[in-house]
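First comes the structure, then the notes that go with it.
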Amino acid sequence: MTAAVNLPKSHKGAVPVRQTKLLIDGAFHDAASGRTFATIDPSTEEVIAEVAEAGPEDVDRAVRAARAALEDGPWARMDARERGRLLMKWADLIEANMEELARLEVLDNGKPIAEALGYDIPSAAATIRYFAGWADKIEGRTIPVSGPFFTYTRREPVGVCGLIIPWNFPLAMAAWKLGPALAAGCAAILKPAEQTPLTALRAGELALEAGVPPGVLNILPGFGGGGAGEAIVKHPGVDKIAFTGEYRTAQIIKRETADSMKRLTFELGGKSPNIVFEDADLDAAVEGAFGAIFLNQGQNCCAGSRAFVHEKIYDRFVEKLAEKAAKRRIGDPLNSDTEHGPQIDQAQFEKIMRYIDLGREQGARLAAGGERVGEKGFYVAPTVFAEVRDEMAIATDEIFGPVVGVLKFKDADEAIRRANDSMFGLAGAVWTRDLDKANAVSARLRAGTVWVNCYNIVDPAAPFGGFKMSGVGRELGEEALNAYTETKTVTIRN
Ligand code: NAD
């Protein structure tokens, strides 16, 4: 049951941290308050850097710079094709600095370097490039109205956008919001998560190098409630908030913007079901369910944390999944053969361990993992629980860690009903060789994304977002772009 341990070593000094200040109006500054906060390497628990902590005064300065950029700066006068060209250049620079950004991401977040190089940084570049392509394709319509009138629509930038993101895919989450916001011609104030500010700041330097004008992109590391996040949400000069994080934070943001009527889009949590039918390719389904939960140590909004498996293949599925989990290479995330790094911080580590205890207490059978790994760093072994029942806490709550519950079902109707019996509806998957069944089940799952015989396939062109408590609106694809525009109708008397 104990996984192979490759204890972390210190990476201090191995990765240059070039930028720790706030990006406001095209230059890097200390916080007005002079305050800083420490960002920690989750694999060693050592301080990586002290980062400037933005507060309300900095937010106000950034909002004024963003407003000025929108109203009379070069951004306001720039034609759409040039805007797209700048974003393409920024994407190229991110790619050209891939190795540095990946190492910085690993240091700050703890994810394995293979994941940072294989997904996080390339997908950030790909997302910005995809939206760069949209910049000169934002079109209105002509509308045949009654009477002697000519009516057309324009799609205009929504304005100053406050972009608030979490720590699990730091640069990718920044790109998911900045790509469409800047392509649409908005100005942005990005607040990275307090745990992971470093790659956004470095990418901010690269944006300036690409020629993004002052005030268009402001980056304000800091805290949420009581800090920069709350100040962005409450600032009257911000037109839209795009938030990714916990649903409880989204509820606060919704309440705080009720009077100002700011535009809101939310990408929130999940408890995604992975339904494995008896006719599935069992090895492929085990492999898929494994990646679905353990990618990024389970710190994934669409993590497949509930595996519903048909009773006829249940025992073999559990055995194979547990065997793979026990073999996962845990260790120093900067080693290229490491598959599993630490959780983000002490609080997440403790929360996950509490859920593992609850799983045991409520009668689930621990088939793999369940323990801390090593003495330093926030490592939790990949954990598989069998004989999980729907009402157990590990089956209802988003754990946001490497813990999967395997549940048994008899037929499709039952699996769909139980899969949908969740406050969340972000994603889900179906494993079967029967395409008719796959389509029928996909149509009945209440989730924003359904994967068939695959998992975690996310593309900049395909909309991504949640039903129910998993969010409002969509990121990626044309839908994301539209969420950063306002439609204006112009009617002319002929
Ligand atoms: P969180 O809500 O605590 O924090 C997210 C961000 O919001 C951080 O930048 C934080 O500083 C800020 N924040 C916190 N309180 C705030 C407030 N009162 N006002 C303004 N800003 C505030 O979430 P977390 O624990 O950092 O992230 C994990 C959550 O994110 C999980 O629920 C996960 O499922 C979700 N997530 C969703 C997606 C998606 O695309 N649906 C992607 C990644 C993560």
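The values are calculated or read from the model by the stated rules, or taken from the named source; none is laboratory data. Keep in mind the model is a prediction, meaning the values are calculated, not measured. Ideal geometry is used to build each Cβ from the backbone, glycine not excepted, and the neighbour counts take in all protein chains shown.
So the values come out like this:
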| item | result |
| --- | --- |
| Test for Ala303: is it modelled with pLDDT of 95 or more and part of a helix (DSSP H, G or I) | no |
| Among the candidates Phe290, Phe294, residue that is part of a helix (DSSP H, G or I), touching a Leu at 6+ places or on another chain (Cβ under 9 Å) and assigned by the TED database to the domain that holds Trp431 | Phe290 |
| The listed residue being surrounded by fewer than 21 Cβ atoms within 10 Å (Cβ to Cβ), in the same structural domain as Glu205 (by the TED database) and more than 18 Å from Leu171 (Cα to Cα), out of Glu50, Glu99 | Glu50 |
| So Asp283, is it assigned to a loop (DSSP other than H, G, I, E, B), outside the structural domain of Ala116 (by the TED database) and away from the ligand (no atom under 16 Å from the Cβ) | no |
| Search result, residues across the stretch 286-309 that are out of contact with any strand residue (DSSP E or B) (no Cβ under 6 Å at 6 or more places or on another chain) and more than 14 Å from the ligand (Cβ to nearest atom) | Val286, Glu287, Gly288, Phe290, Gly291, Phe294 |
| Only listed residue being in the same structural domain as Val309 (by the TED database) and on the phi > 0 side of the Ramachandran plot, chosen from Gly401, Gly377, Gly359, Gly405 | Gly377 |
| Residue in the stretch 80-96 that is surrounded by the most Cβ atoms within 10 Å (Cβ to Cβ), counting only those that are more than 22 Å from the chain's Cα centre (by Cα) and among the charged types (D, E, K, R) | Arg83 |
| Meets criteria (within 11 Å of the ligand (Cβ to nearest atom) and crowded, with 24+ Cβ neighbours inside 10 Å) for Trp167 | no |
| Subset of the stretch 139-164 (residues that are of a type in the set (A, V, I, L, M) and either surrounded by 22 or more Cβ atoms within 10 Å (Cβ to Cβ) or in contact with a Leu (Cβ under 7 Å, 6 or more places away or on another chain) (or both)) | Val160, Leu163, Ile164 |
| Test: residue in the stretch 327-336 that is within 12 Å of the ligand (Cβ to nearest atom) and either in a loop (DSSP other than H, G, I, E, B) or not assigned by the TED database to the domain that holds Gly405 (or both) | no |
| Among the candidates Arg365, Arg372, residue that is over 26 Å from the mean Cα position of the chain (by Cα) and modelled with pLDDT of 95 or more | Arg365 |
| Members of the stretch 121-168 that are closer than 20 Å to Ala181 by Cα, in contact with a helix residue (DSSP H, G or I) (Cβ under 9 Å, 6 or more places away or on another chain) and among the polar types (S, T, N, Q) | Ser123, Thr127 |
| The stretch 242-252: number of residues that are surrounded by fewer than 24 Cβ atoms within 10 Å (Cβ to Cβ) and either touching a helix residue (DSSP H, G or I) at 6+ places or on another chain (Cβ under 9 Å) or not in a helix (DSSP H, G or I) (or both) | 4 |
| Among (1) out of contact with any Leu (no Cβ under 7 Å at 6 or more places or on another chain); (2) at positive phi, the one test that Met173 misses | (2) |
| The lone exception for Gly428 - which of (1) touching a Phe, Trp or Tyr at 6+ places or on another chain (Cβ under 8 Å); (2) surrounded by fewer than 16 Cβ atoms within 10 Å (Cβ to Cβ); (3) under 28 Å from Ala250 (Cβ atoms) it fails | (2) |
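Here is a yes/no grid of residues against (1) at pLDDT below 95; (2) surrounded by fewer than 21 Cβ atoms within 10 Å (Cβ to Cβ); (3) away from the ligand (no atom under 11 Å from the Cβ); (4) closer than 23 Å to Ile128 by Cβ:
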| residue | (1), (2), (3), (4) |
| --- | --- |
| Leu182 | no, no, yes, yes |
| Ile189 | no, no, yes, yes |
| Gly211 | no, yes, yes, yes |
| Thr265 | no, no, no, yes |
